[in-house]
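Scroll down for the structure; my scribbles are underneath it.
Every read-out reported here was derived from the displayed coordinates using simple, explicitly stated rules and does not represent laboratory data. From a predicted model like this one, the values you see are computed outputs, not experimental measurements. Reconstructed Cβ throughout: ideal geometry from the backbone, glycine too, with neighbour counts over all protein chains shown.
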Amino acid sequence: MPILPEYSLSGRVAILATAGGDQAPILAQALAEAGASVFAVARRPELLEPVLEALNSSGPHGGVVADAATPAGIAQVMDAFDRQHSQVDILVNDARSMFAQPFGEITAEQWNTVHSRNVLATFQICQEAGRRMIQRGYGRIVNIISGLAERGMINGSAFAASQAAVLSMTRCLAVEWGEHNIRVNALGTGWFTVEDIPLEEQQKELLVRYTPLRRKGHPRDIGPLLVYLCTEGCDYTTGQAIYVDGGLNAHP
Amino acid sequence: MLESLSLDGKVVVITGGGTGLGLAMVRAMARAGANISIGGRRQGPIDDAAAEVKALGRDALAISTDVADSAQVDKFIADTLDHFGQIDVMINNAGAVQGNIRKPIWDITDEDWRVPMDINLTGAFYCSRAVSKPMSERGTGKIINVSSGFGLRAGRDIYMYCCSKGGMIQLTRVLSFNLAPYGITANTIVPGFIPTQQVEDSSLSRSTPRSGQFLPIGKLGKPEDLGPIAVFLASPASDYMTGEMVIVDGGGLAGGLAPTGHAPVIPLEP
């Protein structure tokens, strides 16, 4: 099977920040399969474990448990990273917690927690990794976001606003750090699952029938695109969100 | 999971594949394993492109086609199906940069308006129409439209090019929505400023930057920048992606509210 060498991440070091979820192990595998060394970050040990397991702990992979949204946590992340690696080429932020609640019932504390995990942690890790990337004059940052960055949904305000915040930060960082040879893009997803549910079963759900391609996405559906956005060859695309959502963005 | 980025055994049809961005995509797709049917108005460049594809061990056709003529488009697609037996990917890349005459709106004649609209937008429609039936019968297919940053933003006295390229983005969305039940996806590549001989020779060259100093990344694009993204969109790796666009523009469209380099520092109020 001929595969373009442009998709290789051989020799590259990637930080994968995750808020947990079943997607992280598969994204870690995609990066590793392309040849990158992956350093995973998660808030709790039980969120990091599956990622390290998926990476088989072989090779130069590793990770740390820390809350990147706190000053102590981000310091811990970068200390652990710097002990293992001398450079960071790639930063993938998949650090988002889903949350849905009627607007009137959302407490300020809940709002802050969602924005702390989804936005502040991403901001801090971009700042730290970006500092190192600027020094070397090279970097690729991919922020994985939800299509709700662009659309409204009942009960979605806190989460959707956090996703729009990350998208906006993506655009600003792209134009701010373009001259340092750093590319910053967002990869947007729709309704995803890691379970391999038969199509007929899936399509009993209205949400699935509403999706033009009539199935839920699987992290496998974004793995190769994530890899491309992390390559050196992805040189002329920056500040963009690319959605892989089964056609929802074009839905009337 | 990365083997899905291969185009091994796929049949790709591309218009305008003999020069510029089209040729760069042809080269990348052939390297990724695709057999390619290349359309273009002039036989010489598409013959050369087909020879390059064959030199890589893939099969290729070069069929002189004016995409603004639906009879020629239908024949191009029929001949491709006769030869290859199937079409997996249709790339609508033919563009009329030369046809776009830059004039104030009151000086644009009906004919000035019609010609570039016919080639860019109607041509993409003709090709999509011609392939969608055979694709739907196989229950699989990918349509890729090559638009332009001018399809999303305005250019000075660039009416036809902007409108036709904007129309292609909408064509993509409507195709994606309606052909999803048949297993067909549609996406758009939106190139920004990527110098080619075609743009250089056209009136558009007066609206395109000479250097990358006005782009966030500080440099202009190269046709080769489109290779990996064209291969991705043509490959099974993009199966869950439809109705979308991928912008390849050096960061220009991410900004735009202030000129490149504008970097205000405003302290937070107490």
Per-residue ellipticity at 222 nm for chain A, helices alone: DSSP H runs ≥ 4 residues times -39500 (n - 2.57), over residue total, nearest 500 deg cm²/dmol? -11500 deg cm²/dmol
What is the spread of the Cα atoms of chain A along each of their three principal axes, largest first, in whole Å? 50, 49, 36
A correct Stokes-Einstein calculation for the range B:1-90, using the alpha-carbon Kirkwood radius, 10 °C and 1.306 mPa s, returns a whole-number D in µm² s⁻¹ of 124
Three semi-axes of the equivalent ellipsoid, the range A:1-48, Cα gyration tensor, whole Å, largest first: 24, 11, 6
The answer for A:Ile141, listing residues at least 5 apart or on another chain whose modeled amide H is closer than 5 Å to its amide H, is A:Leu91, A:Arg183, A:Val184, A:Asn185
For A:Thr189, other-chain or 5+-apart residues with amide H closer than 5 Å (H placed, Pro excluded) are A:Ile145, A:Ser146, A:Gly147, A:Val244
Which ³J(HN,Hα) values, rounded to whole Hz and listed in residue order, are derived for the range A:201-216 from phi using the Karplus coefficients 6.51, -1.76 and 1.60 in 6.51 cos²θ - 1.76 cosθ + 1.60 with θ = phi - 60°, glycine and proline given as x? 5, 4, 6, 6, 8, 4, 4, 6, 5, 6, 6, x, 7, 6, 7, 7
Per residue, what volume in Å³ does the Cα convex hull of the range A:87-237 take up? 125
Going down the list B:Lys75/B:Lys222; B:Lys165/B:Lys219; B:Lys142/B:Lys165; B:Lys10/B:Lys222; A:Lys216/B:Lys10; A:Lys216/B:Lys133, which pairs span over 21 Å between their C-alpha atoms? B:Lys75/B:Lys222; B:Lys165/B:Lys219; B:Lys10/B:Lys222; A:Lys216/B:Lys10; A:Lys216/B:Lys133
Could you give the C-alpha radius of gyration of chain B expressed as a fraction of 2.2 N^0.38 Å, taking N as the number of residues it contains? 1.02
In the range A:160-252, what GluC sites (Glu not before Pro) fall in a loop by DSSP, with at most 16 other Cβ atoms inside 10 Å? A:Glu195, A:Glu205, A:Glu232
Can you work out the Karplus-derived ³J(HN,Hα) for every residue in the range B:112-117? Use 6.51 cos²θ - 1.76 cosθ + 1.60 with θ = phi - 60°, whole Hz, and x for glycine or proline. 3, 5, 5, 4, x, 4
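Counting partner chain Cβ atoms within 10 Å of every residue's Cβ in A:207-215, what's the average? Working shown, then result.
Details: counts 0, 0, 0, 0, 2, 9, 10, 2, 2.
Per residue, the number of nearby Cβ atoms from other chains is 3 on average.
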Starting at the first residue of the range B:18-29, write each ³J(HN,Hα) from the Karplus equation 6.51 cos²θ - 1.76 cosθ + 1.60 with θ = phi - 60°, in whole Hz, x for Gly and Pro. x, 9, x, 5, x, 5, 4, 5, 4, 4, 5, 5
Calculate the mean, over all residues of peptide B:254-267, of how many other protein chain Cβ atoms lie within 10 angstrom of the residue's Cβ. 2
log10 I(q)/I(0), Debye, Cα-only the range A:1-133, no solvent, q = 0.12, 0.19 Å⁻¹? -0.47, -1.03
Of the peptides A:127-134, B:198-205, A:218-225, B:165-172, how do they stack up when ordered by the mean number of other Cβ atoms within 10 Å, highest first? A:218-225, B:165-172, A:127-134, B:198-205
What's log10 of I(q)/I(0) for the protein assembly as shown at q = 0.09, 0.10 Å⁻¹, Debye sum over Cα points only, no solvent? -0.64, -0.79
Built amide H within the under 5 Å cut-off of B:Gly251, gap 5+: A:Thr238
Could you work out how far helix B:70-84 tilts from the main Cα principal axis of chain B, as a 0 to 90 degree angle to the nearest 10? 50
Quantify how strongly other chains surround peptide B:216-222 by giving the mean number of their Cβ atoms within 10 Å of each of its Cβ atoms. 6
